[in-house]
Every structure is written in C-alpha cells, then in structure tokens.
Amino acid sequence: MLARRFGNVAAHLGTKVDDGLVERLLAGLLRADRACLAEAITLIETSNLTKQRAAQQLLAAVLSLEKERIAQHGKAALSFRIGISGPPGAGKSTFLDSIGSHVTENGHKVGCLTVDPSSRITGGSLLGDKTRMPNLSKNPRAFIRPSPTSGILGGVTRTTSEAILLLEAAGFDIVFVETVGSGQNEYVVADMVDMFVLVIPPSGGDELQAVKRGIMELSHLVLVNKADGDLIAAARRTQAEYISALKFMTPESSSWTSKVQRISSVKGEGVRESWLTMLKFRDASLSSDEFTKRRAQQNSLRMWRMVDEHLRSAFHADPEIVRLRHEVEKDVQQGRITPLAGALSLIDSYNRKR
Ligand SMILES: Nc1nc2c(ncn2[C@@H]2O[C@H](COP(=O)(O)OP(=O)(O)OP(=O)(O)O)[C@@H](O)[C@H]2O)c(=O)[nH]1
Ligand SMILES: [Mg+2]
C-alpha cells in the first residue's frame, strides 16, 4: 500500500525513487521511528544535491499523505505550530520544558525546534537546549532538535519549515519553534508558524522594554515569565504595561485580540492557562479560516523568497557581472551615470548571454 502510494508520488515527480532510502525513511516516519526522523531531518539539511533531490522526494510524499489525511479527517486534524520568541534569558526553554510536558500529558506529541538564523555557530546548542529542557528531553512523546547550520540551500528558514513537515508526518501534532529575539529572527519564525508567542521577563522600571513595536504587533500572546518570588509585583506591572500598549497597536489577526498573561515556568504556574489560550487561538483562527489562509500565504512567500535568493546569487556569481561590477560601480559613485543607468547596463550584460 505504502509502496503503491509512494510510487505515485515518484511518478508525479518524474524521477525514480532513490535506492530505497526515501521509501525507508518514509516508512520510518509513518511508524514514528525517532532514528528515521532524525535521519530525515539531517537529509533535508544536506548540501549534497543528489541527497537534496531524495529529500525533496521524501517531502513530496509527506505532503501528499498529509493532504489525504486532512481530506479524510478535516481541518481539525491539522497540526499546531507555535513560535516562541523573546529576549535572551527570558525563560523560553524553561517554559517549553514546562508546557511541553503538560501538552504531552494531554495526549499530544510535541516537537521542539530551535532556530537561530543569524548565528553560524551550532553544535553547542544541542547540549544547551537539552539541559535547559531536562524533562522534555527525556520524554518519549517529545522530540527536540536544534537549529541546523546556515549556509545550506534556502537557509535555516527552509530546513526548519521542512523539519516541521517531517515532525508532523511522524505524528508530532504540536510543534514549538524557539528563537532568540533579535529583531530579525522573530519575523523569520513568525512566517513559519500558526501562532506567535512572546516570552518576556518582568521589567525593572515602569517603561516598556525594548521590544520593538513590530514584534509586539506580531504577537498573539505575550507571556510575562518569572512571575514568582521577588518578581511578582514587577511581573504585574509589566503585564499592565503591555496590556495598555497593545490597545494602541494593529492586531495581526482579525479573529483574535492579543492577550498578556503572567506565568512562572519554574513553578509551572499559569502554564496550563497559557496552553488553554493557545487552544482558543487555534479554534478562533480555524473557524475564521485564517489558519489555512496564513499557511497558504506562508508557503507562497517562502517559494518566492527562494526564487529571489537564487536569482540574486546567480546574478552576483555571473562572470560577466563580476568583471563589470567595479567599473560600473565607480561610474555610479562618481556621478558619471545614474544608478538606474548603471543597474540597466549590468542587467543588460547579464541578459545578453541568456
Ligand atoms: N525565577 C524564575 N526564573 C526562571 C523562570 N524561567 C526561567 N528562569 C531562569 O532564567 C534563566 C534562563 O532560562 P532559559 O529557559 O534558558 O531562557 P531562554 O529564554 O531559553 O534563554 P536563551 O535561549 O539563552 O535566550 C535560567 O536560569 C532559568 O532558570 C521562572 O519562571 N522564574
Ligand atoms: Mg533557550
């Protein structure tokens, strides 16, 4: 049955299935085999083009099976992807450890991905994430995976969104994506999840923290973490400040008003309530159809970004452009020609060879 279905996908792609690798990984994913899931994620992260083709075949099969599943069970069977962002040390991982455990107790399987698109350093983060999620990393119903290295085709954005699809194929119906707030990472993550959650610590003063307005407008839920011990009063104040600030902002969604809640991840307080809020958001956006519309938009956006990225790098790597660029740049800098004339002359040289 699997082979027959998969055969169709291979036929659709017009290529022969790679020596059993794709079929083996697909079968492994469908029986929720963790080693196969890890291997499949490594496969999508490869920069080897032959393996990359196999990875895309695997993903095509995963997508087609997912479509069948949703056609059969309806939209309520869609997974739920939640982005968790916030300043360094806000307690994102501690929160994930806590909510992840709670969610698995409610019968779900939880995937946790960490993304750091601006960083070229990885390896160390695996240990970091696992030690910061001591409960979840031992939980058989959870799967934690750190950010891959950048510098691969389509970058971390592609591999993370593809890793989400693989996790879902292996039955992880709730996927959290953690990223450190940097002003850029948040947008990258917001474009690959259904819900965006901001985790912040209580602020000392009475002014709003340096969270950018744009990031707050993206946030469907703001969690003021560390609302325990000496920080309880500060957490209350911070919550009030964010509630009033949000009143003056444009909500991201027309079916949802952003919420601000206090939690203590170490004590596990407010964690259950934050999960209930997430479920309410999911219900609201599923019934208004925003949920599926957002995913559709994210997919086309991602495709065009990859096209843009490819075209830009092909242009800059072109030998004719490499030969001409300094000369034309100098002409533009010294005001001999306008920037538009310079751009057109480079584009013409590039197009002439096509
Ligand atoms: N008091 C208190 N401390 C907390 C709470 N949550 C996290 N912490 C502490 O805050 C520190 C940072 O926690 P992490 O969970 O690693 O924070 P993070 O946001 O994931 O950090 P990065 O991934 O490095 O940005 C740790 O020392 C935690 O023990 C909380 O609810 N209350
Ligand atoms: Mg963390």
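The values are calculated or read from the model by the stated rules, or taken from the named source; none is laboratory data. In this text, all values refer to a predicted model and were calculated from it rather than measured experimentally. Neighbour counts run over all protein chains shown; Cβ positions are idealised from the backbone, glycine included.
Contact annotation: residue pairs with Cβ atoms under 6 Å, 6 or more positions apart or on different chains, pairing a residue in the range 87-99 that is near ligand 1 (Cβ under 6 Å from one of its atoms) with a partner that is assigned to a helix (DSSP H, G or I) and not hydroxyl-bearing (Ser, Thr, Tyr), are Ser93/Arg132. Per the listing Ala32, Ala38, Ala55, Ala60, the residue uniquely out of contact with any Lys or Arg (no Cβ under 7 Å at 6 or more places or on another chain), closer than 30 Å to Thr277 by Cβ and not assigned by TED's automatic domain parsing to the domain that holds His220 is Ala32.
On inspection, Ser79 does not qualify as modelled with pLDDT under 95, of a type in the set (Gly, Ala, Ser) and closer than 30 Å to Ser287 by Cβ. Of the residues examined, Arg237 is not one that is over 28 Å from Arg81 (Cβ atoms) and not assigned by TED's automatic domain parsing to the domain that holds Ile200. In the set Val189, Val197, only one residue is in contact (Cβ under 8 Å) with a residue 40 or more places away in the chain and in contact with a Leu (Cβ under 7 Å, 6 or more places away or on another chain); that residue is Val197. Among the residues of the range 280-297, just one is within 20 Å of the chain's Cα centre (by Cα), among the aliphatic types (A, V, I, L, M) and surrounded by 13 or more Cβ atoms within 10 Å (Cβ to Cβ), namely Leu286.
The residue that is nearest to ligand 1 (Cβ to nearest atom), counting only those in the range 164-185 that are at pLDDT below 95 and surrounded by fewer than 24 Cβ atoms within 10 Å (Cβ to Cβ), is Val180. Set side by side, the residues Arg302, Arg282 differ, and just one is at pLDDT below 95 and either over 20 Å from Ala190 (Cα atoms) or charged (D, E, K, R) (or both), which is Arg302. Looking only at residues of the range 306-354 that are loosely packed, with under 13 Cβ neighbours inside 10 Å and not in a helix (DSSP H, G or I), we find that the one that is nearest to the chain's Cα centre (by Cα) is Arg354. The set of residues from the range 256-279 being assigned to a loop (DSSP other than H, G, I, E, B), surrounded by 14 or more Cβ atoms within 10 Å (Cβ to Cβ) and at negative phi comprises Trp256, Ser258, Ile263, Ser265, Val266.
The single condition among (1) closer than 22 Å to Leu218 by Cα; (2) not in a helix (DSSP H, G or I) that Ala284 does not satisfy is (2).
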